[in-house]
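Participant: Structure below; questions to follow.
Read-outs throughout are calculated quantities, based only on the coordinates presented, and are distinct from any laboratory measurement. Everything numeric in this text was worked out from a predicted model, so none of it was measured. Here Cβ is always computed from backbone atoms with ideal geometry, including for glycine, and neighbour counts include all displayed protein chains.
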Amino acid sequence: MTNKLTILKYYLKAKLFSKKATQKDYDKQIAYVKKHIPYYKNMDAIPIMDKKTMMEHFDQLNALGIVKSDAMHLALESEKTRDFSQRLKGVTVGLSSGTSGHRGIFLVSDQEQAMWVGNILAKALPKGKIKGHKVAFFMRADSKLYQAIQSKSISFEFFDMYKPIQDNLDKLVSFQPTILVAPPSMLMKIAKTVPDKLSPKRVISIAEVLEYEDSNYIKDKLKQDVIHQIYQCTEGFLGITCDKGTIHINEDFIYLEKEMIDEHRFYPIITDLKRRTQPMIRYRLNDILVMKSSPCSCGSKFIGLEKIEGRQDDIFIFKQNHQEIEVFPDFIRRCMLFINEEIEYRVFQHQNHDITIYISKITDEIKESITKEFRQLANDLGFEIPAFKFLPYEYDFSRKLKRIERERAYAKS
């Protein structure tokens, strides 16, 4: 099947959904990996996988016998040269950014790229119009996966975030995209500098957690009803926002299991139903997802999320009488929401539990306001208030923005 036919097939398939068909696809995928993937060949039950284990057994977890050292060498060389056209055994090799503490390598075939494109076109493009779109895509690394969108019907332009910001902004204004795709940090920069020079029909956030206050700011400046989000990572195209603003899990392509934290929060365990070059089977993500308490008004049958709260390794740890108190990222965000000024911020917890708060405007009033909220949080949750330090906010566009971050060496395995 040609790539164009594959794209069309999976574009149409993404418009239809059946729980029964998904279960059938899951059973077929499990049967496939037991037969073709060395790691699973002698297993009766399929264990839960994570990035660390996957990288340790990389050679046995892909269908082409690609060796980890070869894949890593090619991926790192592509990052250094900014040439992402090289392939290994006919497949695309990419490097994840390592926000979970472990760098990951992904392998994707042409067939899988075409499936991805068909699925994403069905869900990301405005309804009623497929042709004539100009997509501006900001990312730290290009890939044949993204280039596969380019066609006579859709103009796709990659913006390398390692290049000077002003060069990218000038290029963006010249390109005049109908669809703007970028991490929230870059969308914020665009919204602050050139909002009146752009008229995108759709704005899509990727790669970083989109904070509520950032979303509202971008909506206002770029004149959007909804800032759409693509929940995409090394492990696959996991979800996307509907027209009502709810992120729905792509249950037509992803089989989802939930490791519940409480009544609404869970860690997702995902199985990609279509990837076979490097299958993702019962893969546990560190993301903390929060389910909607009621069905989405859009009518989708897919699970709806209230939000992607953060990562497991960004749960802050505080002390109380030689015990550890875990605090979800959302509670830390709330401490920053009561400031009566628009500021950029990042909250970082060190291994010794102390906190550094990076803010774009440092005044005694702002410091006192933030400290007061943290004291109240400590009192409510029963932990010892840590030492605080305030530093000027600076952002490095070469790495993912994480507003709430715990020092990696302190992350629990």
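Participant: Quick check on segment 315-410: take the gyration tensor over C-alpha atoms, sort the square-rooted eigenvalues as a ≥ b ≥ c, and tell me if it's rounded (a/c under 1.5), prolate or oblate. Mind dumping the intermediate values first?
Facilitator: Working: a/c = 1.95, a/b = 1.25, b/c = 1.56.
Oblate.
Participant: With a cut-off of 8 Å between alpha carbons and a minimum separation of six or more residues, what is the relative contact order of segment 180-240 in percent? Present the calculation step by step, with values, prior to reporting the outcome.
Facilitator: On the way: 81 pairs, mean separation 20.9, N = 61.
34 percent.
Participant: Taking 0.36 nm per intervening residue step and subtracting the Cα-Cα distance, what contour gain separates VAL194 from ILE339 on full extension? Write out the running numbers ahead of the final one.
Facilitator: Numbers: separation 145, 0.36 × 145 = 52.20 nm, distance 2.59 nm.
Net length gain for the segment: 49.6 nm.
Participant: Now a separate question. Can you list residues from other chains, or at least 5 along the same chain, whose modelled amide H is less than 5 Å from the amide H of LYS201?
Facilitator: Counting only residues 5 or more places away or on other chains, the set is ILE179.
Participant: Still on this structure, please answer the following. If a paramagnetic tag sat 7 Å from the Cα of ASP262 along the Cα-Cβ line, which residues of segment 289-304 would have the backbone N under 20 Å from that point?
Facilitator: 289-295, 304
Participant: So what is the relative contact order for segment 228-284, in percent, with contacts set as C-alpha pairs under 8 Å and at least six apart? Walk me through the numbers before you get to the answer.
Facilitator: On the way: 87 pairs, mean separation 12.7, N = 57.
Reported relative contact order: 22 percent.
Participant: Separate question: With a point put 7 Å past each Cα toward its Cβ, work out how far LYS292 is from LYS389 in nm, to one decimal.
Facilitator: Output for this residue pair reads 4.3 nm.
Participant: Hey, rough spin-label estimate for VAL173 and ASN42, points 7 angstrom out along Cα→Cβ, what's it come to in nanometres?
Facilitator: 6.4 nm
Participant: Still on this structure, I have one more. With a Förster radius of 56 Å, plug the Cβ-Cβ distance of LYS35 and LYS319 into 1/(1 + (r/R0)^6) and report the FRET value to the nearest 0.05.
Facilitator: Values: r = 50 Å, r/R0 = 0.90.
Plugging the Cβ-Cβ distance into 1/(1 + (r/R0)^6) gives 0.65.
Participant: Among the listed pairs LYS123/LYS301; LYS24/LYS52; LYS123/LYS201, which are separated by more than 18 Å between their Cα atoms? Walk me through the numbers on the way to the answer.
Facilitator: Details: LYS123/LYS301 14 Å; LYS24/LYS52 29 Å; LYS123/LYS201 15 Å.
Result: LYS24/LYS52 exceed 18 Å.
Participant: Take the alpha carbon gyration tensor of segment 224-328, find the square roots of its eigenvalues, order them as a ≥ b ≥ c, and report rounded if a/c is under 1.5; if not, report prolate when a/b exceeds b/c, else oblate. List each step's numbers first, then the result.
Facilitator: Values: a/c = 2.15, a/b = 1.35, b/c = 1.59.
Here segment 224-328 falls in the oblate category.
Participant: Of the GluC sites (Glu not before Pro) in segment 236-276, which ones lie in a loop per DSSP and count no more than 13 other C-beta atoms within 10 Å? Provide the component values of the computation, followed by the final result.
Facilitator: Values: sites: GLU251, GLU257, GLU259, GLU263; in loops: GLU251, GLU263.
Of the GluC sites (Glu not before Pro), the ones in loops of segment 236-276 whose Cβ has at most 13 other Cβ atoms within 10 Å are GLU263.
Participant: Something else now. Where both partners of a DSSP beta bridge lie in segment 315-410, what percent of those bridges are antiparallel, to the nearest 5?
Facilitator: Values: 10 of 18 bridges.
Here the share of antiparallel DSSP bridges comes out near 55 percent.
Participant: Averaging sequence separations of C-alpha pairs under 8 Å and six or more residues apart, then dividing by the length of segment 315-410, give the relative contact order as a whole percent.
Facilitator: Numbers: 140 pairs, mean separation 34.0, N = 96.
RCO, segment 315-410: 35 percent.
Participant: Exposure proxy check: PHE159, PHE331 ranked by fewest other beta carbons within 10 Å?
Facilitator: On the way: PHE159 21, PHE331 16.
In order of increasing Cβ crowding within 10 Å: PHE331, PHE159.
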